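Contents: one structure, followed by commentary.
The values are calculated or read from the model by the stated rules, or taken from the named source; none is laboratory data. Since this is a predicted model, take the numbers as computed values, not measurements. A quick note on method: Cβ atoms are made from the backbone with ideal geometry, for glycine too, and the neighbour counts reach across all protein chains shown. For the accessible areas, the whole protein counts, side chains as well, though only heavy atoms, and no ligand, DNA or RNA atoms are used. Shrake-Rupley method; radii C 1.70, N 1.55, O 1.52, S 1.80 Å.
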Amino acid sequence: MNEHRYRWRNRQLREHVAVLDGHRTPTIVLTNATYLNVFLRKWMTGHIWIYGDRIVYVGDELPKYKETIEYVDCSDQYLVPGYIEPHAHPFQLYNPHTLAQYASQSGTTTTINDNLVLLFLLHNKKAFSLMEELNELPVSLLWWSRFDSQSMLQDEDQLLDDRKVQEWIEHDAVVQGGELTCWPSVLQDDDHVLHWMQKTKRSRKPVEGHFPGASERTLMKMKLLGTDGDHEAMRGEEVWNRLKMGYSVTLRYSSIRPDLPQLIQDMNRLNIHHYERIMLTTDGSTPAFYEHGMINRCIEICIDNGIPAMEAFCMASYNVARHYGMEHRLGSIGPGRVAHINFLSEKDNPTPISVLAKGKWVKRNGIVESIFRQVDWSSYEMGPLHLDWELTDDDWQFSTPVGLEMVNDVILKPYQVNIDVGTNDICAGNEAFLMLVDRDGQWKVTSILKGFTKTLGGLVSSYSNTMDILLIGKRKQDMKLAFKRMKEIGGGLVLANEGKIVFELPLSVAGMMTDIPMEFLIAKVKEYNEIVKAHGFTFDDPVYTLLFLSSTHLPFIRITPKGIIDVKKKDVLFPAIMR
């Protein structure tokens with residue numbers, strides 16, 4: 001098995017030393033480089049020798065022999081460490097491969113990734129094999145170990161049994177436990193999750209919280225139970241409270257929580273000017289949000305709001321590596337580190353003109369290099385969906401006194417349904433039929449969704465938090481048409497209106513993800529957003545809405561595989577119906 005946390009074996013280490021002794025030649029030498037030394041917080045000049053995927057020398061000397069060496073004059077550029085995204089959800093219609101490839105072009109060469117979809121879809125052996133293949137890419141992909149499903153499932157004990165979770169915690173590519181979307185149950189009495197948290201700590205890996213709006217006392221309790229970091233601060237005072245307790249704080253700039261500019265302004269007001277325990281994240285934003293890059297955008301916002309450029313670069317690299325105990329390998333330009341290097345035209349412009357990742361050019365002088373090999377998802381049992389069941393007339397019977405009303409993109413509250421739901425169409429207002437159907441066709445849950453659309457006939461999506469099938473619409477005929485088309489294309493996101501398919505996005509990777517390049521996906525998601533908003537969606541991110549309809553870490557009511565759930569009380573208001 002390839003090593004992730006300490007990459008090189010004895011033979012390779014001897015070769016690296018031999019380069020300094022002159023017995024081997026570097027593969028690349030970056031000459032006359034002005035680079036950021038994150039340890040001294042200084043811009044320094046020198047030559048950088050790279051051998052394979054590792055930086056072996058930084059200093060004033062050049063190699064004695066020049067044969068077969070690629071020399072790159074960096075006189076007019078500024079070199080900084082490759083950026084690290086510490087909190088990626090790499091399954092938001094894109095997949096880990098396409099996201100990493102795209103993110104690397106704007107300088108994010110390492111992502112630390114949610115494993116939830118792999119838990120849902122694959123046995124550990126298959127998931128770990130996929131991770132090994134992804135490790136061969138010219139970027140670094142590291143992982144979390146989840147402790148809960150973020151929903152209420154019919155078979156949660158099988159998804160998260162003790163052996164399965166412990167294997168994830170112990171895996172070399174896994175660098176943290178969490179995120180703790182189940183923290184209320186941990187505070188109450190969930191010793192199972194608490195055991196996994198302690199197992200993570202004994203493995204010398206941090207535990208990531210998920211504490212939106214948490215009180216000072218709650219934060220203290222979770223610190224006692226072993227939590228190390230949190231990314232849910234939405235005000236400067238929340239950043240302050242976390243920092244003073246010793247949390248690492250990840251500032252968020254995402255498609256549903258673009259809080260970073262305000263957080264920095266609040267931090268300036270509160271005189272928070274020590275940034276060693278602060279990191280940056282885009283928190284699994286939907287594709288269109290990444291049009292201008294990933295962590296480079298966060299750095300740009302930091303600099304624009306008064307954070308010194310050196311500190312902003314460290315927040316995006318060295319601070320992350322140190323938090324995860326990976327500073328020996330990532331987050332800096334120094335001997336022994338992976339050769340993840342961004343080449344900037346200006347010290348305060350974080351979008352690179354060239355990018356080295358594991359010592360290979362992924363972008364050079366503004367031109368993207370095609371060095372990412374493809375992943376055969378079908379070999380990991382993650383090919384197109386083949387649904388061998390149909391929706392029957394009985395499935396289209398809706399009868400519920402309580403519906404789900406949208407407060408924003410992701411918050412839902414219960415409301416009293418007063419319309420006639422026994423018809424084939426809901427003509428007036430902003431209410432629509434809502435159905436969640438088991439991917440294997442075993443059960444269904446129905447309700448009414450208020451606030452998603454005023455006129456859209458039908459939406460069907462195999463992309464959802466639980467990987468089950470979502471149906472939303474004003475007209476049952478359009479919903480049936482969209483469902484039929486979703487099956488034909490092997491899973492996807494399909495819109496139908498007035499008897500016609502008006503949009504489709506095939507999701508050929510397990511019905512959850514596409515394998516098309518991010519640039520094309522961004523354009524498709526923009527098209528989807530425009531259509532849905534034209535039909536009356538009044539919020540910001542209609543992709544995230546689909547994901548979080550089943551997510552029980554958010555208030556107040558959810559549609560889940562167990563039924564309609566009161567989140568706070570954890571009560572099943574209306575159970576799922578077996579088909």
Original post:
Residue by residue through region 289-301, which ³J(HN,Hα) values in whole Hz follow from phi under the Karplus form 6.51 cos²θ - 1.76 cosθ + 1.60 (θ = phi - 60°), with glycine and proline marked x?
Top reply: 5, 8, 4, 10, x, 10, 5, 4, 5, 5, 4, 4, 5
Subject >> Probe 1.4 Å, protein heavy atoms only - accessible area per residue of the chain in square angstrom >> reply: 39 Å²
Subject >> Measure of compaction for region 214-296 (Cα Rg per 2.2 N^0.38 Å) >> reply: 1.13
Original post:
Which angle from 0 to 90°, rounded to the nearest 10, does the C-alpha axis of helix 96-105 make with the longest principal axis of the chain?
Top reply: 50 degrees
**OP:** Sort region 1-62 into rounded, prolate or oblate with this rule: let a ≥ b ≥ c be the square roots of the eigenvalues of the Cα gyration tensor; rounded if a/c is under 1.5, and if a/c is not under 1.5, prolate when a/b is larger than b/c, oblate otherwise.
**Re:** oblate
**OP:** Could you point to the residue in SER462, GLN262, GLN154 farthest towards the positive end of the chain's charge dipole, with +1 and -1 charges on the Cβ of Lys/Arg and Asp/Glu respectively?
**Re:** GLN262
Original post:
D for region 450-501, whole µm²/s, Stokes-Einstein with Kirkwood Rh over alpha-carbon pairs at 20 °C and 1.002 mPa s: what number?
Top reply: 200 µm²/s
**OP:** Can you pull the one-decimal nm distance between simple spin-label points at ASP155 and ASP76, each 7 Å off the Cα toward Cβ?
**Re:** 6.1 nm
Original post:
Given the Cα-Cα distance of LYS569 and LYS42 and 0.36 nm per residue of separation, how much length would full extension add, in nm?
Top reply: 184.4 nm
Original post:
Listed here are the pairs LYS164/LYS205; LYS42/LYS223; LYS126/LYS164; LYS444/LYS570; LYS533/LYS569; which of them are more than 22 Å apart at the Cα?
Top reply: LYS42/LYS223; LYS533/LYS569
**OP:** Treating only the Cβ atoms of Lys and Arg (+1) and Asp and Glu (-1) as charged, compute the dipole magnitude of region 393-578 about its Cα centre; round to the nearest 20 debye.
**Re:** 240 debye
Original post:
Does region 393-578 come out rounded, prolate or oblate, given a ≥ b ≥ c as the square roots of the eigenvalues of its C-alpha gyration tensor, rounded meaning a/c under 1.5 and, failing that, prolate meaning a/b above b/c?
Top reply: rounded
**OP:** Let me have the 222 nm mean residue ellipticity of the chain computed from DSSP H runs of 4+ only, each contributing -39500 (n - 2.57), with the sum over all residues rounded to the nearest 500.
**Re:** -8000 deg cm²/dmol
Subject >> Cα gyration tensor, region 80-380 - rounded (a/c under 1.5), prolate or oblate >> reply: oblate
**OP:** Based on the mean of other Cβ atoms within 10 Å per residue, sort peptides 457-463, 548-554, 310-316 so the most packed one is first.
**Re:** 457-463, 310-316, 548-554
Subject >> Magnitude of the charge dipole, the chain, Cβ model with Lys/Arg +1 and Asp/Glu -1, debye to 20 >> reply: 980 debye
Original post:
What full-extension length gain, to one decimal in nm, is calculated for ARG204 and PHE520 as 0.36 nm per residue of separation minus the Cα-Cα distance?
Top reply: 109.7 nm
Original post:
For region 462-521, with only Lys/Arg (+1) and Asp/Glu (-1) charged at the beta-carbon, what is the dipole magnitude about the Cα centre, in debye rounded to 20?
Top reply: 420 debye
**OP:** Place the peptides 522-528, 335-341 in order of packing, highest mean first, counting for every residue the other Cβ atoms within 10 Å and averaging per peptide.
**Re:** 335-341, 522-528
**OP:** Treat each spin label as a single point 7 Å out from the Cα along the C-beta direction, and report the ARG14 to ASN349 distance in nm.
**Re:** 4.7 nm
Original post:
Counting only protein heavy atoms and using a 1.4 Å probe, what share of the accessible area of region 307-364 belongs to carbon plus sulfur, as a whole percent?
Top reply: 49 percent
Original post:
By how many nm would the segment from GLU170 to GLU498 lengthen if fully extended, with 0.36 nm per residue of separation less the alpha-carbon distance?
Top reply: 112.8 nm
Original post:
Using the per-residue mean of other Cβ atoms lying within 10 Å as a proxy for protection, in what order, highest first, do the peptides 385-395, 38-48, 169-179 fall?
Top reply: 169-179, 38-48, 385-395
